[in-house]
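Here is the structure we will look at.
The values are calculated or read from the model by the stated rules, or taken from the named source; none is laboratory data. The structure presented is a predicted model; accordingly, all values stated were derived computationally and were not measured. Please note: Cβ atoms are built from the backbone with ideal geometry, for glycine as well, and neighbour counts cover all protein chains shown. The accessibility values were calculated without ligands, DNA or RNA, using every heavy atom of the protein model including side chains. Shrake-Rupley method; radii C 1.70, N 1.55, O 1.52, S 1.80 Å.
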Amino acid sequence: SEVDSISFIAPPPTTGVENGYEWVDLGLPSGLKWATCNIGANSPEKYGSYFSWGETSTKNYYMESYYSYSETPLVLPLNNDAAHVKMGGSWRMPTETDKNELRDNCTWTWTTNYNNTGVVGVIVTSKKNSNHLFFPAAGRYYNVLKDAGSYGYYWLSTSSLSYASVLCFRNGNPIVVSTNVSNCYGSTIRGVCQ
């Protein structure tokens, strides 16, 4: 018997690769894709590399006397955006608007043992398509590593006045810390792409 042909359009992929780095599609209204790992990490539960805000290289000491980026623009230029410099392609650091979109369109769940790795952090699950990201509670550097396993501090590319914006969480609640995190601190970065 004759079979009618039916048009089928495949749904867009929920994960993909941009310039060699994997992203996940959380169904965000902007279409923004978030990297599955921190810069310098090869799996979601790894902390990755730490950067001072506006700097694109890691270093041995994260203190005011070793901080080389003296400006505080409203948005970092791409040559001072560690995600763009390290990942290339269309990757960049997220903005405050990107952070708010992620916060508002996802459920944030604190875990003390992500995928049986023993790593503490938050699972960020899309309310639209149930895809998820994991952000380890990687702490921050100021001379020594502090708050690892308790807090996550992720630099954003935006700032207000003299402090850069941060996606910060503890117990699964994303908040922006802009008054008590010095730009010289070493924090992790999660890239985004369009």
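A few comments on the model shown:
- Relative counts (whole %) of C-alpha pair distances in segment 75-163, using bins that are 5 Å wide: 3, 12, 16, 20, 23, 18, 7, 2, 0
- Neighbour cut-off at most 11 other Cβ (10 Å), DSSP loop, GluC sites (Glu not before Pro), segment 55-86: GLU71
- Mean sequence separation of contacting Cα pairs (under 8 Å, at least six apart), scaled by the length of the chain, corresponds to a relative contact order of 26 percent.
- Matching the structure-derived Rg and Dmax of the Cα atoms in Å against the labelled list (i) 24.8, 88; (ii) 17.8, 80; (iii) 20.2, 80 gives the label (ii).
- Computed about the Cα centre, the dipole magnitude for the chain is approximately 540 debye when only Lys and Arg (+1) and Asp and Glu (-1) carry charge, each at its Cβ.
- For the chain, with all protein chains in place and a probe radius of 1.4 Å, 49% of the accessible heavy-atom surface sits on carbon or sulfur.
- Cα-based equivalent ellipsoid of segment 133-194: semi-axis lengths in Å, sorted from largest, via gyration tensor: 16, 16, 11
- Pairs of Lys residues in the chain that lie 8 or more places apart, or on two chains, and have C-alpha atoms under 28 angstrom apart add up to 19.
- The chain: antiparallel DSSP beta bridges as a percent of all, rounded to 5: 95 percent
- On full extension, the segment bounded by ASN19 and SER160 gains 47.7 nm, given 0.36 nm per residue less the C-alpha separation.
- Between 0 and 90 degrees, the angle of helix 96-105 with respect to the longest Cα principal axis of the chain falls at about 50 degrees.
- Given a 1.4 Å probe and the protein chains as shown, THR58 ends up with an accessible area of around 80 Å².
- A crude spin-label estimate for the pair MET63 and ASN113, with each label 7 Å from Cα along the Cβ direction, gives 3.9 nm.
- Accessible area expressed per residue, the chain, with surrounding protein chains retained (probe 1.4 Å, Å²): 50 Å²
- Inter-label distance, nm, simple model (7 Å from Cα along the C-beta direction), ARG103/THR72: 1.9 nm
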